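The values are calculated or read from the model by the stated rules, or taken from the named source; none is laboratory data. Since the structure is predicted, the reported quantities are computational estimates derived from the model, not experimental observations. Cβ placement follows ideal geometry from the backbone for every residue including glycine, while neighbour counts extend to all protein chains displayed. Surface accessibility is based on the protein's heavy atoms, side chains included, excluding ligands, DNA and RNA. Shrake-Rupley method; radii C 1.70, N 1.55, O 1.52, S 1.80 Å.
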Amino acid sequence: MSQLIVVMGVSGSGKSTTGAALARRMGVPFADADEFHPAANIAKMSAGVPLDDIDREPWLAAIARWLAEHADGAVVTCSALKRAFRDHLRAAAPAAYFVHLAGGCELVAARVAARAGHFMPVGLVASQFTALEPLEPDEHGLVLDLSQPVDVLVDACLTAAEGR
């Protein structure tokens, strides 16, 4: 597995928690995609309006720049819901490896509803699943069950790294 990892999935899938734990175990920098959203995107989502592809362009560009600046090793979270978004990130960081935290809408909605202080409302969870295009066979990545404990997810990522 590349040392440049994108932890992907819908909002509430555990990207931030898993990504931060993975980066700590790997000893590499970590960035949360939420930090890259322009204020207009946060306001739109906070109002319960899903982002469209145009809204996501500056956000994806910022994440892509960060990946390119950390090509020697890092972990970043990004929903990366569509193949085109992942292709955009790969164009800046061809060695990027995607770890998709996958699971059911009901569990994710419960997680989002339980979060305090986050801009993403539970009402947008279904729109994330609608937009989601799972990793395709030709994409370098791994799909993990988001219901597993964080340590199990991190161990699975590191095991995959040993096998590459």
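One table, with the values for the structure above:
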| read-out | value |
| --- | --- |
| Segments 26-36, 127-137 sorted - mean Cβ within 10 Å per residue, highest first | 26-36, 127-137 |
| Residue 95 paired with residue 35, simple spin-label distance in nm, labels 7 Å along Cα-to-beta-carbon | 2.1 nm |
| Projected label distance in nm at residue 62 and residue 28, using a 7 Å step from Cα toward the beta-carbon | 2.2 nm |
| Stretch gain in nm, segment residue 3-residue 148, where the contour uses 0.36 nm per residue and the Cα spacing is subtracted | 50.0 nm |
| Stretch gain in nm, segment residue 46-residue 72, where the contour uses 0.36 nm per residue and the Cα spacing is subtracted | 5.9 nm |
| For segment 9-108, alpha-carbon Rg relative to the globular expectation (2.2 N^0.38 Å, N residues) | 1.06 |
| Probe 1.4 Å, protein heavy atoms only - accessible area per residue of segment 1-105 in square angstrom | 38 Å² |
| Whole-percent carbon and sulfur share, accessible surface of segment 1-51, 1.4 Å | 57 percent |
| Where labels lie 7 Å past Cα in the beta-carbon direction, separation of residue 136 and residue 54 in nm | 2.6 nm |
